[in-house]
Amino acid sequence: MKVFKFGGASISTIERVQHIPQILRMNPEEKILIVISAMGKTTNALEKVVEAFYSGNQSQALLLFESIKKSHLNLLKYTITQQWQKATDSLQDLFTEVEWLLHDQPVKPYNYYYDQIVCVGELLSSTIMSFYLNEEKLDNQWLDVRDVLRTDSHFREASLDWEVTTRLVHERVAPL
């Protein structure tokens, strides 16, 4: 099995995203696991959303998040044609998770909100990439990493629960 990790600059533009299938096709006989990080400067942008939200500037947090939404929907528009509505709906579900938090007032520690919001960068980019790879006839199965990796509740410094995570990897990743 080969593991490929793409993120940041390697998927920061439409052209770079469109190059990923070529890389994967170089390994036609291999089982491949693909790890996708947040695109471009998405993590930094999400950190600013958390800072604005936690400092009590809800309208600024929502405005910053709207910019992140637009950039991801724009990428989707230029990469997905066959399952555009399904892909859009998947992104909207992730957007809604963040917006639920942002429409409330912070009542938990900063690090809790950081972990809940910043992780969405990877979820958004991996969702887009999964739909794009399927469109490019590279069948794949998207997994929400939150359903596989288990940690404790020490937000931003969590420790992995190796026993539960190992079991979940065997149950959910290995069959794929």
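The values are calculated or read from the model by the stated rules, or taken from the named source; none is laboratory data. Not measured: the values here are computed from a predicted model. For neighbour counting, all protein chains shown are included, and Cβ atoms are generated from backbone atoms with ideal geometry for every residue, glycine included. Heavy atoms of the whole protein, side chains included, go into the accessibility calculation; ligands, DNA and RNA do not. Shrake-Rupley method; radii C 1.70, N 1.55, O 1.52, S 1.80 Å.
Across the range 99-110, which residue is farthest from residue 77 (Cα to Cα) among those that are touching a Phe, Trp or Tyr at 6+ places or on another chain (Cβ under 6 Å) and modelled with pLDDT of 95 or more?
Going through the qualifying residues, I end up with 110.
Could you check the range 37-62 and list, in sequence order, the residues that are open to solvent by 20 Å² or more (accessible area, probe 1.4 Å) and under 20 Å from the mean Cα position of the chain (by Cα)?
If the condition is that a residue be open to solvent by 20 Å² or more (accessible area, probe 1.4 Å) and under 20 Å from the mean Cα position of the chain (by Cα), then 37, 40, 41, 43, 44, 45, 47, 48, 51, 62 are the ones that fit.
Looking only at the range 7-26, decide whether some residue is open to solvent by 30 Å² or more (accessible area, probe 1.4 Å), of a type in the set (A, V, I, L, M, F, W, C) and outside any helix (DSSP H, G or I).
Yes, the range 7-26 has at least one match.
Modelled with pLDDT of 90 or more, over 20 Å from residue 119 (Cα atoms), buried (at least 16 other Cβ atoms within 10 Å of the Cβ) and under 17 Å from the mean Cα position of the chain (by Cα): is that true of residue 68 in this structure?
Criteria not met by residue 68.
Could you tell me whether residue 63 is hydrophobic (A, V, I, L, M, F, W, C) and in contact with a helix residue (DSSP H, G or I) (Cβ under 7 Å, 6 or more places away or on another chain)?
no
Answer yes if at least one residue in the range 146-164 is out of contact with any strand residue (DSSP E or B) (no Cβ under 6 Å at 6 or more places or on another chain) and among the hydroxyl-bearing types (Ser, Thr, Tyr), and no otherwise.
yes
Those residues that are in contact (Cβ under 8 Å) with a residue 40 or more places away in the chain and among the hydroxyl-bearing types (Ser, Thr, Tyr), I need them from the range 71-94; list them, please.
Correct list: 78, 79, 81, 90.
Within the range 132-171, count every residue that is in a helix (DSSP H, G or I), open to solvent by 100 Å² or more (accessible area, probe 1.4 Å) and either touching a residue at least 24 places away in the same chain (Cβ under 8 Å) or acidic (Asp, Glu) (or both).
The number of residues fulfilling the criteria is 1.
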